[in-house]
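Q: Have a look at the structure that comes next, please.
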Amino acid sequence: MTTAVMNRMTETKPALEVQQVRKVYGEGEATVHALAGVSLTVDRGDYVAIMGSSGSGKSTLMNILGCLDIPSTGRYLLDGVDVSRLSDKQLALVRNRLIGFIFQSFNLIPRTTALANVELPLAYAGVKPAERRKRALASLDMVGLADRAGHEPNQLSGGQQQRVAVARALVTEPALLLADEPTGNLDSRSTEDVLKIFDDLNAQNRTIVLITHEAEVGARAKRLIRLFDGQVRSDERNKR
Amino acid sequence: MSFWEILKFAVKGVSANKLRSALTMLGILIGVAAVILLVAVGNGSAQAITSQISALGTNTITVMSTNRGGTTNTSLTTEIADALKDPTLAPDVKSVSPVVSASGTLTYDGTDHEISQFIGTGTSYLGAQSYRMDRGVAFTDADVAQGRRVTVIGQTVAEELFEGVDPVGKQVTVGGALFTVVGVLAEKSSSGVQDSNDLAIAPLTAVQQTLAGYGSLSSIVVEATAADRVTAAQNEIATILDQRLKVEDGGTAPYRIQNASQLLETQTETADTFTVLLGAVAGISLLVGGIGITNIMLVTVTERTREIGIRKALGAPRRVILTQFLAEATILSLTGGGLGVLIAVLGARFEIVGVQPVIVPSSVVLALGVSVAIGLFFGGYPASRAASLRPIDALRYE
Ligand SMILES: Nc1ncnc2c1ncn2[C@@H]1O[C@H](COP(=O)(O)OP(=O)(O)OP(=O)(O)O)[C@@H](O)[C@H]1O
Ligand SMILES: [Mg+2]
């Protein structure tokens, strides 16, 4: 199936296609419409920033894009393939080979070194230990944390943990990078470093979707989408 | 991902959380060791009791007088003992030994020894009570008939009085009379508190002359022809005794009859009850150990579920996650269980509350099986449930 997805990548299908997606949490009085009918299309090689106030449904949308969650109604096509049709095994492959996901709350594995955390996606991809280590170290080096490879998450600052999460998402060189506030805990210098990496990746025709609250970060993307109460309020190309 | 790599992950998982792993293993260890050891103690004591009682002689019946200072015509006498030797009325009786028992101080070459039992009896007594000779010979029927002052002594007496000297042929003084030691009894395992090696046995007539007097007998020891004839012999004896002592129908008999196989039966029953009781205690400790393991495993479900969520989000297939977590549970429960067996085996080499434990192999299998099953189930089940959740639900699990 991966080959099917990979093959389609060479065609001109949009990388992501979200059609009338709704996500409803809870029942009765407590019902929350986290997404109230969102439609959008992202082409391969695009660089999209999503902004919006807290609780506007950004993370909810991102989780669906990352195949971590499913919409209540509506369709989500990844490289033209309806994700709801994929088996558990195929989903595991998609998450592993195609997508790099950076969580808003890092989600590093506790009591496990930064290096082992970054190696993990490669391990599941079947990469040999020596090769795995080399690539994980290179990825950590890229985010400026080569000297913290042996540290466990609780020995790292918030910003360092966030950069480990970035390194882990980048280590498989995914075609699609989904980042939920990847610079939320970073100072301006580290933010600049991470954004530089994103720019480079995008220059290699990789698709990037990121969520941010910072206008400068949003301005770096090619396209800016604003969410409001679970709906797309505006969607425009940034002037370069 | 190869199985070996998953196994390496599992080992890392176990060692990443040392305290939790140690506690889980400790729970299993204690449960397994307790079950094996307690059952072994029960089994050991049952075996000890059986061997003690069979050392007493399972064919013997003891008749004792319950007459407390009443009329002397209901006490046991040598005539009554002779009456029991009746091939027609009592065909199942092999031998009858009248017994008088006295206590006294034995002296040899300036050394004193307070003896707990100085027994006067016939030659059949030694056989009936399963005594064997270590050195020298037993006294003979001729010795009994002529009231010769000869005696055989138990190991304890031999050690106390004749340190480094061969007692055979030496003369000891007891109650002012001289007895010649003709033999030493072989060591016999003691039943109960009394030391069954602290005694001297001499011809009935000699003891009556010197120590006990010609009054009533202490008891009569009867040997049945075979173990399965004990009850028959007992009934025959009772009939003769009732006749002799003129016990009316329904009246209380002035004597009591005990047989070793009865004793064996009740004792074995007691020992069995003991084993069952210990087994129950052991079962409870296994259960408590199991609950402990369950508790530790469940407490970590939240953390582990989140971890499984992360792993799934990074693209781990369900099979890999399950294999890893089952391998972790197996490592923990097998290591804990194995150590438990080891400790039980080591512990069983020492006496516990005076009992030499004897390990029952099935208890090892049971204890190990149950604890590994508990470990696997409570390690595997939450993992399998978490692995089938959507990553985001696993990540949000609380
Ligand atoms: N599991 C859930 N159960 C119930 N409601 C939820 C759940 N997850 C999110 N919501 C609700 O959905 C709405 C959107 O949440 P979401 O996490 O997408 O917001 P967000 O835009 O990412 O906000 P932030 O900028 O603070 O991260 C919120 O109102 C939230 O309360
Ligand atoms: Mg969010």
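Q: To the nearest 20 Debye, how big is the dipole of chain A about its Cα centre, given +1 on the beta carbon of each Lys and Arg and -1 on that of each Asp and Glu?
A: 520 debye
Q: In the Gaussian network model of chain B, springs joining C-alpha atoms below 10 Å, which of B:Ile201, B:Ile119, B:Ile296 carries the largest mean-square fluctuation?
A: In the Gaussian network model the winner is B:Ile296.
Q: Separate question: Other chains' Cβ within 10 Å of A:99-109 residues: what's the mean?
A: 3
Q: Something else now. Cross-link partners among lysines for B:Lys12, C-alpha distance below 19 Å, same-chain residues fewer than 8 apart left out?
A: Leaving aside lysines fewer than 8 places away in the same chain, those within reach of B:Lys12 are A:Lys128, B:Lys312.
Q: Plugging the Kirkwood radius over Cα pairs into Stokes-Einstein for region B:67-253, at a temperature of 37 °C and a viscosity of 0.692 mPa s, what D comes out in µm²/s?
A: 188 µm²/s
Q: Then there's this: Report, largest value first, the span of the C-alpha coordinates of chain A along each principal axis, in whole Å.
A: In descending order, the Cα extents are 47, 42, 39 Å.
Q: OK, next. Determine how many Å³ per residue the convex hull of the Cα atoms of region B:74-182 encloses.
A: Dividing the Cα hull volume of region B:74-182 by its residue count gives 120 Å³.
Q: Would you work out the charge dipole size for region B:243-398 about its Cα centre, treating the Cβ of every Lys and Arg as +1 and the Cβ of every Asp and Glu as -1, and quote it to the nearest 20 debye?
A: 800 debye
Q: So, one more: Please report how far the C-alpha centroid of region A:74-101 lies from that of region B:337-398, rounded to the nearest whole angstrom.
A: If you average the Cα positions of each part, the centres end up 40 Å apart.
Q: HN-Hα J couplings of region A:114-126 from phi, Karplus 6.51/-1.76/1.60, θ = phi - 60°, integer Hz, Gly and Pro as x?
A: Values per residue, Gly and Pro as x: 4, 4, 5, 4, 6, 5, 3, x, 5, 4, 5, 7, x Hz.
Q: Build a GNM of chain B with springs between Cα atoms under 10 Å: which of B:Ala271, B:Ala186, B:Ala367 gets the top mean-square fluctuation?
A: Among B:Ala271, B:Ala186, B:Ala367, the largest GNM mean-square fluctuation belongs to B:Ala186.
Q: Find, among the trypsin sites (Lys or Arg not before Pro) in region B:196-305, those assigned to loop by DSSP (not H, G, I, E, B) with at most 11 other beta-carbon atoms within 10 angstrom.
A: B:Lys246
Q: In peptide B:313-325, what is the residue-averaged number of other protein chain Cβ atoms found within 10 Å of each Cβ?
A: 6
Q: I would also like to ask the following. Sorted by average packing, counted as other Cβ atoms within 10 angstrom per residue and highest first, what order do A:98-105, B:42-49, B:357-364 take?
A: A:98-105, B:42-49, B:357-364
Q: Solvent-accessible area per residue for region B:67-253 at a 1.4 Å probe radius, Å²?
A: With all protein chains present, region B:67-253 gives 48 Å² per residue.
Q: Could you check the simple spin-label distance between B:Arg229 and B:Gln47, using points 7 Å along Cα→Cβ, in nm with one decimal?
A: Roughly 3.3 nm, to one decimal.
Q: Under a straight-distance cross-link criterion of Cα-Cα below 18 Å, which aspartates and glutamates are reachable from B:Lys18, leaving out those fewer than 8 residues away in the same chain?
A: A:Glu152, B:Glu303, B:Glu307, B:Glu328
Q: Once both axes come from the Cα atoms, what is the angle between helix B:361-387 and the longest principal axis of chain B, in degrees from 0 to 90, rounded to 10?
A: For B:361-387 against chain B, the angle is about 20 degrees.
Q: A follow-up question, please. Can you give me the relative contact order of chain B as a percent, contacts being Cα pairs under 8 Å and 6 or more apart?
A: Result for chain B is 31 percent.
Q: Restrict the search to region B:261-360; then list the GluC sites (Glu not before Pro) that DSSP places in a loop and that have at most 12 other Cβ atoms within 10 Å of their Cβ.
A: Those that pass, being in a loop and sparsely packed, are B:Glu351.
Q: Treating only the Cβ atoms of Lys and Arg (+1) and Asp and Glu (-1) as charged, compute the dipole magnitude of the protein assembly as shown about its Cα centre; round to the nearest 20 debye.
A: Computed about the Cα centre, the dipole is about 4260 debye.
Q: Which of the listed residues, B:Val353, A:Leu86, B:Ala227, is farthest toward the dipole's positive end in the protein assembly as shown, when Lys, Arg count +1 and Asp, Glu count -1 at the beta-carbon?
A: So the residue we want is A:Leu86.
Q: Can you work out the Karplus-derived ³J(HN,Hα) for every residue in region B:207-224? Use 6.51 cos²θ - 1.76 cosθ + 1.60 with θ = phi - 60°, whole Hz, and x for glycine or proline.
A: Calculated HN-Hα couplings, in order: 5, 4, 4, 9, 10, 8, x, 8, x, 7, 7, 6, 6, 10, 9, 10, 10, 7 Hz.
Q: Mind listing the Cα extents of chain B along all three principal axes, in Å, largest one first?
A: Cα extents, longest axis first: 103, 57, 33 Å.
Q: Let me ask you something else. Shielding by partners for A:110-117, please: the mean number of other protein chain Cβ atoms within 10 Å of each residue's Cβ.
A: 3
Q: Which whole-number percentage describes the relative contact order of region B:67-253, with Cα contacts under 8 Å and a sequence gap of 6 or more?
A: 31 percent
Q: When the C-alpha atoms of region B:207-252 are aligned to their principal axes, what extent does each axis show, in angstrom, from largest down?
A: Principal extents (largest minus smallest coordinate, Cα): 38, 30, 13 Å.
Q: Let me ask you something else. GNM on chain B, C-alpha springs below 10 Å: top fluctuator among B:Arg149, B:Arg20, B:Arg385?
A: Comparing B:Arg149, B:Arg20, B:Arg385 in the GNM, the peak value goes to B:Arg385.
Q: Sticking with this one: Any chance you could count the Lys pairs in region B:67-253 whose alpha carbons are under 29 Å apart, treating pairs 8 or more apart or on different chains as valid?
A: So the count of such lysine pairs works out to 6.
Q: Percent of Cα-Cα pairs per 20 Å bin, from 0 to the last occupied bin, for the protein assembly as shown, please list those.
A: 16, 29, 16, 13, 15, 12, 1
Q: Rounded to the nearest angstrom and ordered from largest down, what semi-axes does the equivalent ellipsoid of region B:269-398 get from its C-alpha gyration tensor (root of 5λ)?
A: 40, 14, 10
Q: In whole Hz and in residue order, list the ³J(HN,Hα) couplings for region B:169-179 that follow from phi through the Karplus curve 6.51 cos²θ - 1.76 cosθ + 1.60, θ = phi - 60°; x for Gly and Pro.
A: x, 7, 10, 10, 9, 9, x, x, 10, 9, 10
Q: Taking the Cα atoms only, what angle lies between the long axis of helix B:18-56 and the longest principal axis of chain B, rounded to 10 degrees?
A: The two axes meet at around 20 degrees.
Q: Counting only helical runs of four or more DSSP H residues, what would the 222 nm mean residue ellipticity of the protein assembly as shown come to if each run contributes -39,500 (n - 2.57) and the total is spread over all its residues?
A: Theoretical 222 nm ellipticity from helices: -15000 deg cm²/dmol.
Q: If you take the beta carbon distance between B:Thr107 and B:Thr66 as r and set R0 to 30 Å, what does 1/(1 + (r/R0)^6) give as a FRET efficiency, to the nearest 0.05?
A: With a Förster radius of 30 Å, E is 0.30.
Q: Where the centroid of each part is defined by its Cα atoms, how far is region B:86-100 from region A:45-60 in Å?
A: Between the Cα centres of region B:86-100 and region A:45-60 lies a distance of 107 Å.
The values are calculated or read from the model by the stated rules, or taken from the named source; none is laboratory data. None of the values given here were measured: they were computed from a predicted structure. With ideal geometry, Cβ positions are generated from the backbone for all residues, glycine too; neighbour counts draw on all protein chains shown. For the accessible areas, the whole protein counts, side chains as well, though only heavy atoms, and no ligand, DNA or RNA atoms are used. Shrake-Rupley method; radii C 1.70, N 1.55, O 1.52, S 1.80 Å.
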